[in-house]
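Bear in mind these aren't lab numbers, they're just calculated from the coordinates by the rules spelled out. As the structure is a prediction and not an experimental result, all values here were calculated from the model. Neighbour counts run over all protein chains shown; Cβ positions are idealised from the backbone, glycine included.
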Amino acid sequence: MSKDIVQIFDTTLRDGEQVPGCKLDKEQKLVIARRLDDLGVDIIEAGFPISSPGDFNAVFEIAKIVKNATVCGLTRAVKKDIEVAAEALKPAKTPRIHTGIGTSDSHIRYKFNSNKEAIIERAVSAVSYAKTFVEDVEFYAEDAGRTDNEFLARVCEAVIKAGATVLNIPDTTGYCLPEEYGAKIKYLKENVTGIHKAVLSCHCHNDLGLATANSIAGVINGARQIECTINGIGERAGNTSLEEVVMILRQHPYLGIDTNINSKLLYDTSQMVSDKMGMLVQPNKAIVGANAFAHSSGIHQDGVIKNRETYEIMDPAEVGVNESSIVLTARSGRAALAYRAKKVGYELTKVQLDIVYQEFLKYADQQKEIVDGDIHEIIESSNIKIES
Ligand code: KIV
Ligand code: ZN
């Protein structure tokens with residue numbers, strides 16, 4: 001069965017870099033951009049060129065070196081922003097301008113002190129102006145998650161007429177439930193005249209821990225682009241995590257939807273971004289966290305040692321992790337101890353294992369984890385004769 005491809009739009013260098021303390025210098029951005037290109041990302045949002053001369057330069061240099069991906073720059077619905085973004089994107093083989101405006105009642109009232117008709121006018125003129133510089137123009141309806149669907153559909157229709165190629169439907173505040181976000185995408189698919197001319201894009205924030213679920217709901221309902229970041233970094237609680245959406249689609253092939261990502265580079269890319277941004281990956285982070293393929297309770301360890309599939313839904317090698325780990329703690333059983341002892345050079349008989357296990361429990365009750373050095377010490381102090 002041929003699969004539908006969802007475009008992966010990576011915004012690590014724009015929405016991700018907005019995280020306090022995560023600022024990158026130009027060289028770091030270039031290294032990350034090169035890696036994203038190798039990873040198979042379809043669009044790299046390289047920055048917000050009007051925001052500072054440093055960001056302008058970074059976008060300009062990234063546009064020069066990216067070989068495969070489209071390079072994108074963010075703007076507000078402001079002429080000067082669009083001109084500066086167009087200038088920064090000049091060296092790109094395939095440039096995209098990402099322009100937009102807030103569409104929810106609260107944005108219209110408090111941010112713009114405006115009204116719905118004037119917002120549509122500004123949206124249309126921003127897209128039309130961006131089209132004078134580049135062919136590929138993405139429009140974002142900021143706070144679309146809290147925008148009423150009827151008005152959102154009117155905005156979408158107007159910007160498609162003005163030439164928008166992609167419609168970004170951001171859940172800027174991470175408010176929506178998956179059903180609600182999915183229904184919003186479905187509503188737009190069914191009610192916007194000309195929708196076949198544009199790609200619908202999910203851009204979800206994680207304030208309620210639902211960014212990934214919302215993006216997948218969007219895709220199931222017809223969106224064909226996901227905006228995401230490595231490790232899910234981003235404003236406040238972050239953005240949709242790239243590695244999660246990629247592996248969700250790959251682990252559920254019956255959906256008939258995949259991405260162009262080389263998943264074997266996911267773990268390394270996650271480590272690289274974490275290192276450059278100085279932002280640790282939480283150990284229990286799905287796919288790339290230190291514990292994502294670590295088993296520590298006796299029941300699970302026994303199963304995984306017999307057959308990995310008992311407690312793992314994906315092969316760690318698929319995401320670039322060498323192998324699953326069997327962590328020894330006071331909750332571990334004999335199977336795990338025998339397995340780890342063998343790895344450090346001891347082939348224990350059943351009787352020996354019983355003796356060593358009692359000694360192991362005394363150690364394990366005092367420590368968070370038993371490491372290889374401890375295993376030697378435990379076996380030595382067990383007073384058993386090991387054949388070498
Ligand atoms: O979250 C958001 O609405 C954004 C837009 C600027 C695309 O990041
Ligand atoms: Zn965002």
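Residues 110, 254, 129, arranged from fewest to most other Cβ atoms within 10 angstrom of their Cβ, appear as 254, 110, 129. Rounded to whole numbers, the Karplus 3J(HN,Hα) couplings from phi for segment 271-281 are 5, 5, 5, 4, 5, 5, 8, x, 10, 5, 8 Hz, using 6.51 cos²θ - 1.76 cosθ + 1.60 with θ = phi - 60°, and x at Gly and Pro. If you bin all the Cα-Cα distances of segment 177-246 at 5 Å, starting from zero, the percentages per bin are 4, 20, 28, 22, 14, 8, 4, 0. Fewest neighbouring Cβ atoms within 10 Å first, the residues 177, 89 line up as 177, 89.
Near the amide H of residue 238, within less than 5 Å, lie the amide hydrogens of 206, all on another chain or at least 5 residues away, with H placed in the peptide plane.
For 114, 2, 381, 215, what ranking results if the residue with the fewest other Cβ atoms within 10 Å of its Cβ goes first?
By the 10 Å Cβ count, ascending: 2, 381, 114, 215.
The charge dipole of segment 46-183, taken about its Cα centre with unit charges on the Cβ atoms of Lys, Arg (+1), Asp and Glu (-1) only, comes to about 520 debye.
For segment 112-117, backbone phi angles converted through the Karplus equation (6.51, -1.76, 1.60; θ = phi - 60°) give residue-by-residue couplings of 10, 6, 10, 9, 4, 5 Hz, Gly and Pro being listed as x. Counting only lysines at least 8 places from residue 350 when in the same chain, those with an alpha carbon closer than 25 Å to its own are 306, 342, 362, 385. At a Förster distance of 41 Å, what's the computed FRET efficiency of residue 128 paired with residue 255, Cβ-Cβ distance as r, to 0.05? Using R0 = 41 Å, I get an efficiency of 0.70.
Assuming charge only on the beta carbon of Lys and Arg (+1) and of Asp and Glu (-1), the dipole of segment 25-67 about its Cα centre is about 120 debye to the nearest 20. Rounded to whole numbers, the Karplus 3J(HN,Hα) couplings from phi for segment 297-313 are 8, x, 5, 5, 4, 4, x, 5, 5, 6, 7, 3, 5, 4, 10, 10, 8 Hz, using 6.51 cos²θ - 1.76 cosθ + 1.60 with θ = phi - 60°, and x at Gly and Pro.
One Cα centroid belongs to segment 217-233, the other to segment 163-183; the line between them spans 10 Å.
Taking 0.36 nm per intervening residue step and subtracting the Cα-Cα distance, what contour gain separates residue 109 from residue 135 on full extension?
On the way: separation 26, 0.36 × 26 = 9.36 nm, distance 3.18 nm.
Answer, rounded to one decimal: 6.2 nm.
Rg and Dmax of segment 1-137, based on Cα coordinates, read 15.8, 51 Å. Evaluated at q = 0.08 Å⁻¹, a Debye calculation over the C-alpha positions of the chain (equal weights, vacuum) places log10 I(q)/I(0) at -0.49. Other residues lying with their Cβ under 14 Å from the Cβ of residue 286 contribute a combined charge of -2, Lys and Arg counting +1, Asp and Glu -1. For the chain, the share of DSSP beta bridges that are antiparallel, to the nearest 5, is 5%. Built from the Cα atoms of segment 5-76, the convex hull projects on average onto 4.8 nm², one quarter of its surface area.
Let me know the charge dipole size of segment 276-349 about its Cα centre in debye, to the nearest 20, where only the beta-carbon of Lys, Arg (+1) and Asp, Glu (-1) is charged.
It comes to approximately 280 debye.
Note on segment 325-388: along the principal axes its Cα atoms extend 30, 22, 19 Å, ordered by decreasing extent. Within a straight-line Cα-Cα reach of under 16 Å, residue 67 can be paired with the following aspartates and glutamates, leaving aside sequence neighbours fewer than 8 residues apart in one chain: 10, 37, 38, 42, 45. Close amide H pairs (under 5 Å, H built 1.01 Å from N) link residue 199 with 166, 167, residues at least 5 positions away or on another chain. The separation of segment 1-59 from segment 241-312, counted between C-alpha centres, amounts to 22 Å. Compactness check for segment 80-180: Cα Rg over 2.2 N^0.38 Å is 1.09.
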